[in-house]
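The values are calculated or read from the model by the stated rules, or taken from the named source; none is laboratory data. Owing to the predicted nature of the structure, the values given are computational and were not obtained by experimental measurement. When we count neighbours, we look across all protein chains shown, and the Cβ atoms used for this are built from the backbone with ideal geometry, even at glycine.
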Amino acid sequence: MTDLGMGGGGPHRPDRVDPKDAAQLAESPVPASRVFGLFRPHAWQLGVLTAAVVATSLVSLAQPFLLRAILDDALPNADTRLLIWCVVGMITIAVVVAVLGVGQTWLSTRMGNRVMHDLRVRVFDHLQQQSMSFFKRTRGGEVQSRLLQDIAGMQGVMTTVATSVASNFTTAVATAAAMVVLNWRLSLISLVVLPPAVWLTRRVALIRRDITVLRQRTMADLHAQVDEALSINGALLTKTLGAGRARSRAFAQASGELADLELRSQLAGKWRMATMQVVFAAIPAVIYLAAGFPETSGGISIGTLVAFTALQAAIFRPILGLLNVGAQWIASLALLSRIFGYLDLPVEVPPPAHPVAIDPDAVRGHVRFEGVSYRYPDGDRDVVRGLDLDLPAGGSLALVGETGSGKSTVVALLVRLADPTAGRITVDGIDLRDLAPDDLARIVGVVTQETYLAHTSIRENLTQGAPNATDADLWAALGAAQIADVVRSLPVGLDTIVGARGHRFSGGERQRLAIARTLLGNPRVLVFDEATSALDNETERELQDALDHLAEGRTTLTIAHRLSTIAGADEIVVLDAGVAVERGTHAELLAAGGVYAQLAGRRQTAPVAPPDPPRGAASGEEPPDGAPTASGGAARS
């Protein structure tokens, strides 16, 4: 099974194991010990629940014996005292069983939901620790399907498995013993039907398992299509390419497949189960027939016969219950494998087991790259090789180079989206790998070209990295980012919803909001990764003023498309194929006439970017639907 949802291939045989499922289970096995481990934090609840289940099963067995006493003794002998006690006993048992049943349902449902909650949170937390390469190769719909749909598919099994196993096993054993006590000959006749029941139920389980996995794959495909077609960038791309009909046809096909699978899932094994129901219904008739012959009846009384048939009807319910739990379990194996498959993903950038205790506010911000090399896990060459950088506290360094020269990789290493394959990176002499992720995030702040704003208020976007910030802090940061006046002009100010990915605002305004968000974290080291490359000249100049203000007194590393924005850097390093080929100031590198001078000559003649669209934010209006914007318009899509 891949992360790409449903694959191609020939027609699927529901009575055979899908090779993809077999491969998935082989890759991520689901041993029983691991599943039971999910219940370990709830051991006391499981113990109470098991005790209640066993008690219910044992109490229920008294009903047939009371019925036999009524039919064989109380009624024929007109023993009203015995009759009253038997009737009171039957009513009492019914009340006790009902009360215990409600308690069992509450306990089992609560425990099952907590187990699923814990598992869902574990998967979410583990996925957050994955490197960016995981998210680049995995569709968002696939992640959502495993995290939400697959775990939801396990909900019923986890809620009922403990009670079903305990209740049905106890009831089946106790009922079988009671039947043997009443009449061992008739007991043998009743149990003849058990082997075919097991076989048929197993067949139904295999059918349902395969259909369940196909259904989950189709659901993942639907999730991915919704994410790709109905996000703001996806909708803009669909409209500008005229791909709406093709998107609709693809969605309709996947939705039709899902509807067909839902129908097949509901009807799976119905004929087999209907056959079993006919067999079960015929068994009492056979019991009555056997009771009519001395050789098989053993002189059975009417009361014993009625009690026996009641027990006979009762024993098949727990046996089928156990088989159904097994069927549900088999049908859920592939789901569990997919869930555990995510939990088993290695963390490529693990947090330190014993992080260095540090006060981020006391960090000076001296950054060093010492012989740093990096190669992608599946790569055959280093994209950064033997890089040495020394960025003093409060200093500024700029990286330039052609596309693919390794600039963004350097930034990724500095913010620890990946770890060097050789060498080390330090801040104030401390290896980044020894810093807690939260401390590193407070020390190093990043402003990128692709600004992401959540579809919520300005206030909530700003406080993502500084949840304790006051309104005064927010306004101070907005002022430093030179966007406070724009926000004040909005009808609800900080409570204004920014829209999907911030598209209520222009590109320059989104960048300023991102700067304000970074500024709230008060990082000592700042990284500007092509922060102004998508803007027009006038907007870039305005934004550059905000960036310069933000950089005051901080260590800065800048990657810039336009060399004019880095002319004042303390040092400029030119990268080529991951190697530093030139170093110096802007003037020194121009005078040298090398790679930097050639880049400067080419980029001075490059066309400027188009101006931003009219700012909808300042006037309280949103840009027209589909209007191209500076950071994500139709041309860039």
## Note on the structure
Checked the stretch 558-568 for anything part of a loop (DSSP other than H, G, I, E, B) and either within 17 Å of Ser405 (Cβ to Cβ) or out of contact with any helix residue (DSSP H, G or I) (no Cβ under 8 Å at 6 or more places or on another chain) (or both); matches are Ala560, His561, Arg562
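Each row is one residue, and each column tells you yes or no for (1) in contact with a Cys (Cβ under 8 Å, 6 or more places away or on another chain); (2) surrounded by 15 or more Cβ atoms within 10 Å (Cβ to Cβ); (3) among the charged types (D, E, K, R); (4) at pLDDT below 80.
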{"position": "Asp15", "(1), (2), (3), (4)": "no, no, yes, yes"}
{"position": "Glu27", "(1), (2), (3), (4)": "no, no, yes, yes"}
{"position": "Val30", "(1), (2), (3), (4)": "no, yes, no, yes"}
{"position": "His42", "(1), (2), (3), (4)": "no, yes, no, no"}
{"position": "Val59", "(1), (2), (3), (4)": "no, yes, no, no"}
### Message
Among the residues in the stretch 379-400, are any within 29 Å of the chain's Cα centre (by Cα), exposed (fewer than 14 other Cβ atoms within 10 Å of the Cβ), closer than 29 Å to His126 by Cα and not assigned by TED's automatic domain parsing to the domain that holds Gly584?
### Response
no
### Message
I'd like the residue in the stretch 82-112 that is at pLDDT below 90 and not hydrophobic (A, V, I, L, M, F, W, C) and, out of all such residues, is farthest from the chain's Cα centre (by Cα).
### Response
Gly101
### Query
Exactly one of (1) at positive phi; (2) modelled with pLDDT of 90 or more; (3) of a type outside the set (A, V, I, L, M, F, W, C) is unmet by Asp434. Its number?
(1)
### Task
Report the residue count in the stretch 356-367 for those that are of a type outside the set (D, E, K, R), within 23 Å of Leu557 (Cβ to Cβ) and in a loop (DSSP other than H, G, I, E, B).
5
### Task
Quick one: Leu478 ticks every box in (1) under 31 Å from the mean Cα position of the chain (by Cα); (2) under 16 Å from Asp548 (Cα atoms); (3) modelled with pLDDT of 80 or more except a single one, so which number is it?
(1)
### Query
Of (1) at pLDDT below 70; (2) buried (at least 16 other Cβ atoms within 10 Å of the Cβ), Arg247 satisfies all except one. Which?
(1)
## Note on the structure
When restricted to Gly404, Gly429, the only residue surrounded by fewer than 20 Cβ atoms within 10 Å (Cβ to Cβ), at positive phi and at pLDDT below 90 is Gly404
### Task
Kindly provide the set of residues from the stretch 29-66 that are touching a Gly at 6+ places or on another chain (Cβ under 7 Å) and in contact (Cβ under 8 Å) with a residue 40 or more places away in the chain, ordered by number.
Ala52, Thr56
### Task
Report whether or not Ile315 is assigned to a loop (DSSP other than H, G, I, E, B), in the same structural domain as Ser57 (by TED's automatic domain parsing), more than 30 Å from Asp431 (Cβ to Cβ) and at pLDDT 70 or above.
no
### Query
Which pairs have Cβ atoms under 6 Å, sit 6 or more apart or on different chains, and link a residue in the stretch 245-258 that is in the same structural domain as Val226 (by TED's automatic domain parsing) and part of a helix (DSSP H, G or I) to one that is buried (at least 16 other Cβ atoms within 10 Å of the Cβ) and small (Gly, Ala, Ser)?
Arg247/Ala229
### Query
What do you reckon, is Thr238 at pLDDT below 75, of a type in the set (Val, Ile, Thr) and under 30 Å from Val115 (Cα atoms)?
no
